[in-house]
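Input: a single structure, listed below in structure tokens.
The values are calculated or read from the model by the stated rules, or taken from the named source; none is laboratory data. Keep in mind it's a predicted model, so treat the numbers as computed, not measured. Backbone-built Cβ (ideal geometry, glycine too); neighbour counts: all protein chains shown.
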Amino acid sequence: MNASQKRAIIKHRRRLGEQGIERYEVRGSPKDKKLVREIAKKLSKEDVDAARLRAELERRLLSKPMSGKEIWDALRRSPLAGIDLKIDREFTTGRDFEL
């Protein structure tokens, strides 16, 4: 690579940086290359669709299962917390049938 090509790459990457876009390397399967590029392109637009896609990807890929304490806290915050519910089940002797 000659000096002018190096300068062009440096300028190009600087312009991208001014736009808030970073360059990074991702390793993966060759069949996913196009998909990963499209996702990156969509996320770089910073519009409503990008925010929705980002939220969905974060929810699916970065979320961890809730711990027991987190589940307990969520149940205590629920609208039905503290309500005295009495749930009874009707007692039956079963059905009559012949063998």
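The set of residues in segment 61-76 being over 16 Å from residue 36 (Cα atoms) and exposed (fewer than 10 other Cβ atoms within 10 Å of the Cβ) consists of 62, 63, 64, 65, 67, 68, 69, 76.
In the list 78, 44, 4, 67, which residue meets the criterion of being touching a residue at least 12 places away in the same chain (Cβ under 8 Å) and not hydrophobic (A, V, I, L, M, F, W, C)? Outline the logic, then answer.
Numbers: 78 fails: touching a residue at least 12 places away in the same chain (Cβ under 8 Å); 4 fails: touching a residue at least 12 places away in the same chain (Cβ under 8 Å); 67 fails: touching a residue at least 12 places away in the same chain (Cβ under 8 Å).
That would be 44, the only listed residue that is touching a residue at least 12 places away in the same chain (Cβ under 8 Å) and not hydrophobic (A, V, I, L, M, F, W, C).
In the condition set (1) exposed (fewer than 10 other Cβ atoms within 10 Å of the Cβ); (2) closer than 30 Å to residue 43 by Cβ, residue 87 is compliant with all but (2). Being at pLDDT below 90 and part of a helix (DSSP H, G or I) is a description that applies to residue 58. Restricting attention to segment 15-46, the residues that are surrounded by 10 or more Cβ atoms within 10 Å (Cβ to Cβ), modelled with pLDDT of 90 or more and not in a helix (DSSP H, G or I) total 0.
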